[in-house]
1. Using the structure shown, decide if GLN133 is out of contact with any Phe, Trp or Tyr (no Cβ under 9 Å at 6 or more places or on another chain), in a helix (DSSP H, G or I) and polar (S, T, N, Q).
2. Inside the stretch 73-98, can you point out the residues that are within 20 Å of ALA62 (Cα to Cα) and in contact (Cβ under 8 Å) with a residue 24 or more places away in the chain?
3. Which ones in the stretch 50-74 are among the polar types (S, T, N, Q) and either open to solvent by less than 10 Å² (accessible area, probe 1.4 Å) or over 15 Å from ALA140 (Cα atoms) (or both)?
4. Take the stretch 75-125 and flag every residue that is crowded, with 20+ Cβ neighbours inside 10 Å and of a type in the set (Asp, Glu).
Amino acid sequence: MSDQDSAAPRTDRRYRLATAAVVLAVTAVLGGSGWWLFSGRTVGGYALPDGAIPIGDRDVCANTVTVMLGTDAEMTAVARALRGDPRVLRSYTENKQDGYVRFRKMFANEPELLELTSADALPASVTVVPKDQTDTEGIAEQLRVQFPEARKVSDNTELRSRITGPGYRDPTCPPSGERSP
């Protein structure tokens, strides 16, 4: 077997790992940290309240919609456009670097994945807690039209429903939609 023959499987494996890294990274951000929700609800050693999603320094227990964008500048513009929007109770931003820090914590035990993923591979995002937390699908559709530059707009209710059951709203979730740490 020549050196080229042995190099091809390694290159192919690295390509597959890199592709998997990007897919996992986007999935982690898209799901509002769905990985944590499915894996025992712990983040950095502390237990999350049922159904809560860690965003920044908050545990968000309300239904949310996430707008994923290609750049931090797009994230800032979308956040600015949503400020004062009557549909929005609260919004949270996460730039590419903050998303990367969270990704590194989530996958700390996967060194190959971490090696293949850069901050630039992750989207910047704006996560919205709508005032009407029951119509997140409708709001997600409106935001897709309003922000065509978005890579993806995700109604996170579907992820939460897989965990807690359809239509479930945590009765201990305060009206603000978040719990302070």
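The values are calculated or read from the model by the stated rules, or taken from the named source; none is laboratory data. For clarity, every value in this text was computed on a predicted model and none was experimentally measured. Note that we place each Cβ from the backbone using ideal geometry, even for glycine, and neighbour counts take in every protein chain shown. The accessibility values were calculated without ligands, DNA or RNA, using every heavy atom of the protein model including side chains. Shrake-Rupley method; radii C 1.70, N 1.55, O 1.52, S 1.80 Å.
1. Working: out of contact with any Phe, Trp or Tyr (no Cβ under 9 Å at 6 or more places or on another chain): yes; in a helix (DSSP H, G or I): no; polar (S, T, N, Q): yes.
The answer is no for GLN133.
2. If we filter the stretch 73-98 for residues that are within 20 Å of ALA62 (Cα to Cα), which is where we start, we get 79, 82-94.
Within the stretch 73-98, ALA79, LEU82, PRO86, ARG87, VAL88, LEU89, ARG90, SER91, TYR92, THR93, GLU94 meet the criteria.
3. Of the residues in the stretch 50-74, the ones among the polar types (S, T, N, Q) are 63-64, 66, 71.
THR64, THR66, THR71, listed by residue number.
4. Within the stretch 75-125, GLU94 is the sole residue that qualifies.
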